[in-house]
Amino acid sequence: MLKRIKTEDVKLGMFLHKMEGSWFSHPFWRSKTLLDDPDRLEELKASKVEWVQIDTARGIDLTPAGAVAPRSFAPAEKDVNARLFGRTSAQGVTIARRPPPRTAAAPQAFDPLSKERLPLQSEMAHANKLARKASRAMRKVFDDARLGKAIKLNRLQPMIEEISSSVQRNPHAFMAVTRLKNTSEYLYMHSLSVCALMISLAQQLRLGPDQVQQAGLAGLLMDVGMGHVPQETWDKGAPLTPEEWDVVKSHTTLAHEFLTLGGEMPETVLDVCLHHHERMDGSGYPHGLKGEEISLFSRMAAICDTYDAMTSDRIHRQGQDPADALFNIDQANMLYDRDIFAAFQQAVGIYPIGSLVRLRNHRLAIVVDQNADDLTLPKVRPFYSLQTRSFVNAEVIDLSRCFGSDQIVSRETPAAWDIGDWPKISARLLAQRS
């Protein structure tokens, strides 16, 4: 139930449905949000917003006496990135957390910066935790950007290092997790997805370690200018008006100007923020650059950004199958760098992790791993019989070892089959051990 209350009565644990007044007068980029951060509460009460609407079905309510129903929240540190990814020294340098010293009585804790190769199912558990905390950190990054607060490079570095480490442990796990993004967190998770895709692509192109890190940072920050675009505009189901489209396109120049003022960002990152919507034939924006006029990182970002946007569910449309998205990008051969796209396909696979496919034996299966020697023969987990229209338990099949006894006959879309909530089902199948 929606309830209108004074801002001075707002408490932690309430779900904010709407802030009354100008969109620019409140400290939140998204208006509908659970208030679980004491810093956000302080900023709201210090703002010019006098009244808010809360949703008592999604958060706590005021009692008749005006007191709030009891609910405990741990105090938040001043910097969400430091809280989630590390501690900040007296000099302001963020130090990545390390696991506690190993004792004889306790097993060694997992090191989030470990680069030791892990199978998909093992890394999925780490990737899920990383995606959740990184999404919370990115929410603050977008809020701060909209309010003109400087983004400190040393506060983002631990996040980049953990994502890069996850990609190195398994190049597909983190991207599989971020593909299952909630539409309400699309922009944050999109930034994380593109970050991981940029890192994986940079590694596929055999760029140096510093360039790999910069590629990830560029993917993470290139859409911070969208914090200045009202949510109802970029989530609009109907076609945008020319005026609305101009506002959306301005996110490239806004991001570039804002990050330039901070004085800390590498030039490669600034260039990606400005030019990731340029296209090889000159049809992109904001400057209509062509071919080699577009930097390597911006050509990489154009592909990573487009692919993730195509495969993501939005409020107004369902995401494309990953293989279909690759096909559509390939068909638009005048828009994207052909050599970089070939490397991108090698990085994500012709049948990317999480793709739904139909097998010769009349079963649906999910792609759970790649075969580096032949991208057309991935590892799959059958889970649904088309003959009985029922779920089945099956082991993972390595199609490269079937010698023709089984094969993929088609790509499928979840909507075409009565298999329920595909995001939840696919997440469970990917996490299941062989």
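Some observations on this one:
- Enumeration of residues in the stretch 406-433 that are loosely packed, with under 13 Cβ neighbours inside 10 Å, touching a residue at least 12 places away in the same chain (Cβ under 8 Å) and either within 17 Å of Leu359 (Cβ to Cβ) or touching a Cys at 6+ places or on another chain (Cβ under 8 Å) (or both): Val409, Ser410
This table checks each residue for (1) modelled with pLDDT under 70; (2) farther than 30 Å from Thr233 by Cβ; (3) over 31 Å from the mean Cα position of the chain (by Cα); (4) part of a strand (DSSP E or B).
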residue: Pro27; (1), (2), (3), (4): yes, no, no, no
residue: Lys45; (1), (2), (3), (4): no, no, no, no
residue: Val49; (1), (2), (3), (4): no, no, no, no
residue: Arg83; (1), (2), (3), (4): yes, yes, no, no
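- Residue check, Met300 among the hydrophobic types (A, V, I, L, M, F, W, C), in contact (Cβ under 8 Å) with a residue 24 or more places away in the chain and either assigned to a loop (DSSP other than H, G, I, E, B) or surrounded by fewer than 15 Cβ atoms within 10 Å (Cβ to Cβ) (or both): no
- Meets criteria (within 14 Å of Ile366 (Cα to Cα) and among the hydrophobic types (A, V, I, L, M, F, W, C)) for Ala416: no
- Screening Tyr188 against (1) more than 22 Å from Phe341 (Cβ to Cβ); (2) out of contact with any Ser or Thr (no Cβ under 6 Å at 6 or more places or on another chain) leaves a single unmet condition, (2).
- Any hit, the stretch 172-181, residues being under 19 Å from Pro266 (Cα atoms) and either buried (at least 24 other Cβ atoms within 10 Å of the Cβ) or of a type in the set (Asp, Glu) (or both): no
- Any chance Ile315 is out of contact with any His (no Cβ under 7 Å at 6 or more places or on another chain), more than 10 Å from Ile303 (Cβ to Cβ), buried (at least 20 other Cβ atoms within 10 Å of the Cβ) and not hydroxyl-bearing (Ser, Thr, Tyr): no
- Selection within the stretch 224-243 - touching a Lys or Arg at 6+ places or on another chain (Cβ under 9 Å), surrounded by fewer than 17 Cβ atoms within 10 Å (Cβ to Cβ) and modelled with pLDDT of 80 or more: none
- Search result, residues across the stretch 303-341 that are of a type in the set (S, T, N, Q) and part of a helix (DSSP H, G or I): Thr306, Thr311, Asn328, Gln331
- Odd one out for Phe403 among (1) farther than 16 Å from Gln204 by Cβ; (2) within 29 Å of the chain's Cα centre (by Cα): (2)
- The strands (runs of 3 or more DSSP E) located wholly in the stretch 352-405 include none with 2 or more residues which are in the same structural domain as Tyr307 (by TED's automatic domain parsing), touching an Asp or Glu at 6+ places or on another chain (Cβ under 8 Å) and surrounded by fewer than 18 Cβ atoms within 10 Å (Cβ to Cβ).
- Failed item, numbered, when Phe327 is tested on (1) under 18 Å from Ser200 (Cα atoms); (2) free of Cβ contacts under 8 Å to residues at least 60 places away in the same chain: (1)
- Among the residues of the stretch 296-328, those identified as touching a Ser or Thr at 6+ places or on another chain (Cβ under 6 Å) and under 15 Å from Phe344 (Cα atoms) are Phe297, Asp308, Pro322, Ala323, Ala325.
The values are calculated or read from the model by the stated rules, or taken from the named source; none is laboratory data. Keep in mind that this is a model prediction, so the values were computed, not measured. Reconstructed Cβ throughout: ideal geometry from the backbone, glycine too, with neighbour counts over all protein chains shown.
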